[in-house]
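> First the structure, then my questions, so here it is.
Laboratory data are not the source of any read-out in this text; all were calculated from the coordinates shown. This one's a predicted model, so the numbers in the text were calculated from it and none came from an experiment. Here Cβ is always computed from backbone atoms with ideal geometry, including for glycine, and neighbour counts include all displayed protein chains.
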Amino acid sequence: CQPAPPLLPFSTLLDPSSRLCLRWEREEQELTRSELQIHTTAWLAFGFSPRGESPGSAVATGGVFPDGSVCFSAS
C-alpha cells in the first residue's frame, strides 16, 4: 500500500504478494468510504455485505484490457 491519505486513515493488504490494498474510513453516520488499489491486468470482483454473505451484497467488478483500458461496474 501507498501511505494512506488523511481522508482514508485505515488500510490493509489483502494478499501475500502485496498487490491488493484496501483503504477506508468510517464516518459517524455508519457511512464508509473505501478505495481498492490493485496491481494486476486481471479481472476482480469485490463485494460488501452487512452479514458477510453473497446474497444481497453490493458487488463491484472491474478489469484491465490488454490495451490498458479499464472497465468497471458496480451493482
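> Tell me the label-point distance for the pair residue 37, residue 49, using the 7 Å Cα-to-Cβ offset, in nm and rounded to one decimal.
So the two model labels end up 2.8 nm from each other.
> In the stretch 10-74, with Lys and Arg counted as +1 and Asp and Glu as -1 at Cβ, which of these residues, 58, 48, 71, has the Cα nearest the positive end of the dipole, that is, farthest along it?
The one lying farthest along the dipole's positive direction is 71.
> Rounded, prolate or oblate: which fits the stretch 35-75, taking a ≥ b ≥ c as square roots of the Cα gyration tensor eigenvalues, rounded meaning a/c under 1.5, else prolate when a/b beats b/c?
prolate
> Picking from 35, 53, 25, which is most flexible by a Gaussian network model of the chain using Cα springs under 10 Å?
Top of the fluctuation ranking is 53.
> Does the chain come out rounded, prolate or oblate by the C-alpha gyration tensor, with a ≥ b ≥ c the root eigenvalues, rounded set by a/c under 1.5 and, if not, prolate when a/b is larger than b/c and oblate if not?
oblate
> Quote the FRET efficiency, to the nearest 0.05, computed for residue 64 versus residue 13 with a Förster distance R0 of 25 Å and r equal to the Cβ-Cβ distance.
Calculated value: 0.80.
> Mind listing the phi-derived Karplus ³J(HN,Hα) values for the stretch 50-59, rounded to whole Hz, using 6.51, -1.76 and 1.60 with θ = phi - 60°, and x for any glycine or proline?
x, 10, x, 10, 5, x, x, 7, 8, 10
> Another question about this same structure. Rounded to the nearest 20 debye, what is the charge dipole size of the chain about its Cα centre when +1 sits on each Lys and Arg Cβ and -1 on each Asp and Glu Cβ? Let's see the in-between values first.
Details: 5 positive and 8 negative charges, 27 e Å.
Magnitude of the dipole: close to 120 debye.
> What distance in nm separates the simple spin-label points at residue 71 and residue 28, each placed 7 Å from Cα in the Cβ direction?
So the two model labels end up 4.3 nm from each other.
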